[in-house]
Amino acid sequence: MMKNLKISIFADGADIEQMKAIYKTGNVDGFTTNPSLMKKAGVSDYNIFAKNVVKEFPDVSISFEVFADDFDTMEKEAIKISSLGENVSVKIPIMNSKGESSIPLISKLSHSGIKLNVTAVFTIEQVKDIVDNIDENSQTIVSVFAGRIADTGIDPIDIMSKSAELCHSKKGVKLLWASPREAYNIIQANEVGADIITCTPDLIRKTSKFGKDLEKFSKETVQMFLKDSQSLGYSIL
């Protein structure tokens, strides 16, 4: 079933050994990371980590995020990150922590030829601003956080469909479905026209169940319940 999907899968993470393992499966087309994932993985040196990742995976897209909150430092970080390799995209948040728009910096970096992955995007207006201000010939990923949108009780499908239309109106722009919560989101992302979806290794492993016979799955589930109850030694009577 996965072979019939057009969407590319990027693995989320910062544990390089786990990244190597998922890469060997042949089920990923790229990697993304961010400060939160690096903290969770115990990364102590950003530059060493980034260089090791580029060296390990030279033939797939890799996105590294800036750390700074002011735009001058963010620009310097972006230039340095971009220099790591041709396959590297720089993740720039749509705004800083003060709510100030990153669009002027995004436009400047895009027109200087830096590949971008604009992240933490939640609204159609933000998507439009990005597409309107990037260079026609640049390579840009727009990461819309569909999973977090859904967490607010809003169905993200309409936002993602409209975002796909906007992104595809300009050459070189790709829409990324970020923060998926379940494997079915991969199907949904493909159906709305997203180009990429980021998934955790656990979510990628769940795709092995795509196309599974539900009657068989039902039996296996009951067998699992029985095995677990027997191992616990519980008795009702």
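Less than 12 Å Cβ to Cβ from Phe71, Lys/Arg counted +1 and Asp/Glu -1: what total charge do the surrounding residues give? Result for the neighbourhood of Phe71: -3. Which residues among the range 167-194 fall inside the zone where the amide N is under 14 Å from a point 7 Å beyond the Cα of Lys40, along Cα→Cβ? Residues 179-182 fall inside that zone.
Among the GluC sites (Glu not before Pro) found in the range 16-117, those both in a DSSP coil and sparsely packed, with 14 or fewer other Cβ atoms within 10 Å of their Cβ, are Glu86, Glu100. Note on Asp202 and Gln223: with the Förster distance fixed at 35 Å, the Cβ-Cβ geometry gives a FRET efficiency of about 0.95. Between Lys162 and Lys24, the contour length at 0.36 nm per residue exceeds the Cα-Cα span by 46.2 nm. Using a 1.4 Å probe on the protein heavy atoms, what percent of the accessible area of the chain belongs to carbon and sulfur? Roughly 52 percent, rounded to a whole number. Dipole magnitude for the chain: computed about the Cα centre from +1 point charges on Lys and Arg Cβ and -1 point charges on Asp and Glu Cβ, it is near 680 debye. Summarising the label geometry, the points placed 7 Å from Cα in the beta-carbon direction at Lys212 and Glu191 lie 2.0 nm from one another. Extending 7 Å from Cα along the Cβ direction at Lys170 and again at Ile124 yields two label points whose distance is 1.8 nm. Loop-located trypsin sites (Lys or Arg not before Pro) across the range 138-219 with a Cβ neighbour count of 13 or fewer within 10 Å are Lys171, Arg181, Lys212, with loop assigned by DSSP. Here is the list for the range 81-131: trypsin sites (Lys or Arg not before Pro) lying in DSSP coil, each with at most 12 other C-beta atoms within 10 angstrom of its C-beta, are Lys98. The stretch between Asn96 and Asp70, if pulled fully straight at 0.36 nm per residue, gains 8.6 nm over its current Cα-Cα span. Taking Leu214, Leu37, Leu84 in turn, the Gaussian network model of the chain (Cα-Cα springs below 10 Å) assigns the largest fluctuation to Leu214.
The values are calculated or read from the model by the stated rules, or taken from the named source; none is laboratory data. Fair warning: this is a prediction, and the values are worked out from it, not measured in the lab. We place every Cβ from the backbone using ideal geometry, glycine too, and count neighbours over all the protein chains shown. When the accessible area is computed, the model is the full protein with side chains, heavy atoms only, and any ligands, DNA or RNA have been set aside. Shrake-Rupley method; radii C 1.70, N 1.55, O 1.52, S 1.80 Å.
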